[in-house]
1. Please report the spacing between the Cα centers of segment 78-124 and segment 161-236 in Å, no decimals.
2. For a footprinting-style exposure proxy, rank VAL128, VAL103 by other Cβ within 10 Å, fewest first.
3. Per 0.36 nm of contour for each residue apart, how much would the distance between THR273 and SER238 grow if the chain were fully extended, relative to their Cα-Cα spacing?
4. How many nm is it between the label spots at ALA204 and VAL305, if each spot is 7 Å from the Cα in line with the beta carbon?
5. Say each of GLU230 and THR283 gets a label point 7 Å from the Cα, pointing the same way as Cα to Cβ; how far apart are those two points in nm?
6. For segment 147-259, just say rounded, prolate or oblate: build the C-alpha gyration tensor, square-root its eigenvalues into a ≥ b ≥ c, call rounded for a/c under 1.5, and beyond that prolate if a/b exceeds b/c, oblate if not.
7. If a/c stays under 1.5 just call it rounded; otherwise compare a/b with b/c (prolate if a/b is bigger, oblate if not). Do that for segment 4-200, with a ≥ b ≥ c from the square roots of the Cα gyration tensor eigenvalues.
8. Please state, as a whole number in µm²/s, the translational diffusion coefficient that the Stokes-Einstein equation yields for segment 61-108 at 4 °C and 1.567 mPa s, with Rh defined as the Kirkwood radius across alpha carbon pairs.
Amino acid sequence: MAQTTVAFNEPTLAASGNASSMAELRALFERHAPGDGFFPAPIAGLQLIRASAPSEPLSVMYRPALCVVLSGRKRVFLNDQITEYGSNDHLVISQDLPVFGQVIEATPLEPYLCVHLRIEHAEINQLVLDHGLPQEPAGATAHAARGLYVEPSTAALMDAILRLVRLLDSPADLAAIAPLVRREIVYRLMSSPNGWRIARTAKADCYDQRIARVLAVLRARFREPIGVPELADIAHLSPSALHLHFKTVTSFTPLQYVKQLRLQEARRLLVTTDMDAAAVAFTIGYESPSQFSREYARMFGEPPVRDRARLLGTAVVYALE
C-alpha cells in the first residue's frame, strides 16, 4: 500500500518571545529530565521525553494528547501515513491510535526533547459546553477526520506550555494552577486552524464522536472476541458506515485495529514480565500460540522470543506516549 508523508518544515518560532520560551523549557528539561527516557511529572497527564540518539520504530498506543518537540525530530507511522514533525511543530492525537514512533534526529548536544500532555475528553467536552464548537473550515465535510495531525506551534501555545512545565519548580502551586493552565492549552488547540478536528470528539452524534465510543470499547475489550455488528450498534451506524469512518479516523479496519492492540500489548508484556510467548498469546486473546507467533513476526520482524531478547539487549524502555 502506498504511504503518505505529512511534514511541516517551515520555521514558525522566529519571534523573540518564542525563542525565549524554548530556551527556558530546555533549561527545565535539564533539571527535570536530565537523562534519556520518559519522565512522568507530578502534573496529571504530563511527561517529559528525552533521547540523545535516533531510535528504532517503537510501538506505542497513543491516547488523545499533545506532543510539543523542543529539539530533534520525530517520525510517526500510522499504517499508510508517515508524519514527521520537529522543533517548530506540535503533534495532536485526537483519538486512540496504535502507531510506531521513531526519533530520527537527536544527538547528545542536540537531544530530542518532547513535552507530552495527555488530553482528556472531559476537558474538551467542558470547553465545548462553555464556549461552543470552533468553526469548521469551508472545505470540511461531515465525514470523520483522521485522528492525528501536525500544526506549527504558536507563541500563545508555547507560553502556556512553558507555564505548565515551570510549575515543576513550584510544587506548592501545582494543585491550584496546573488545571487552569491545562484548560488554556486545550483551548489553544481548539482555537487553532485544525482545532475543529479535536473538538468533534465532543460533538454529539457526529461520526468522530461515534468512532471515539467504539475505540474506547475496543481498548477496554481487545482481549475479547467482538464482532462488527456489535461495534456498529455501539456507534449507531450501519456496518458499512462504521467501516468507512473507522478507517478514516484510524487508517485501520476494526479487525486490523484489534490486532494492533493485541500485538502491541504482547510486546509490552514480553519486555516487562517473565511470561513466555504462549502465556502472552493466551493472555491477549489468541487461541493458537503458533498463529500469534506468525502474526507477531509479521508485525515486528522477528518471532516473540528473538524480539524480546533483542529489545532487552538494547534496553528499550516502553511507555505509553
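Here, each number is a calculation from the coordinates, and none is a lab measurement. Bear in mind the structure is a predicted one, so any value in this text is a computation, not a measurement. Neighbour counts run over all protein chains shown; Cβ positions are idealised from the backbone, glycine included.
1. Between the Cα centres of segment 78-124 and segment 161-236 lies a distance of 15 Å.
2. Values: VAL128 18, VAL103 23.
If I rank by nearby Cβ atoms, fewest first, I get VAL128, VAL103.
3. Numbers: separation 35, 0.36 × 35 = 12.60 nm, distance 4.04 nm.
In short, 8.6 nm is gained.
4. 5.7 nm
5. Going by the 7 Å Cα→Cβ label model, 2.2 nm.
6. On the way: a/c = 2.91, a/b = 2.10, b/c = 1.39.
Prolate.
7. On the way: a/c = 1.55, a/b = 1.12, b/c = 1.38.
It is oblate, given that a/c is not under 1.5 and a/b is not larger than b/c.
8. Values: Rh = 11.2 Å.
This corresponds to a translational diffusion coefficient of 116 µm²/s.
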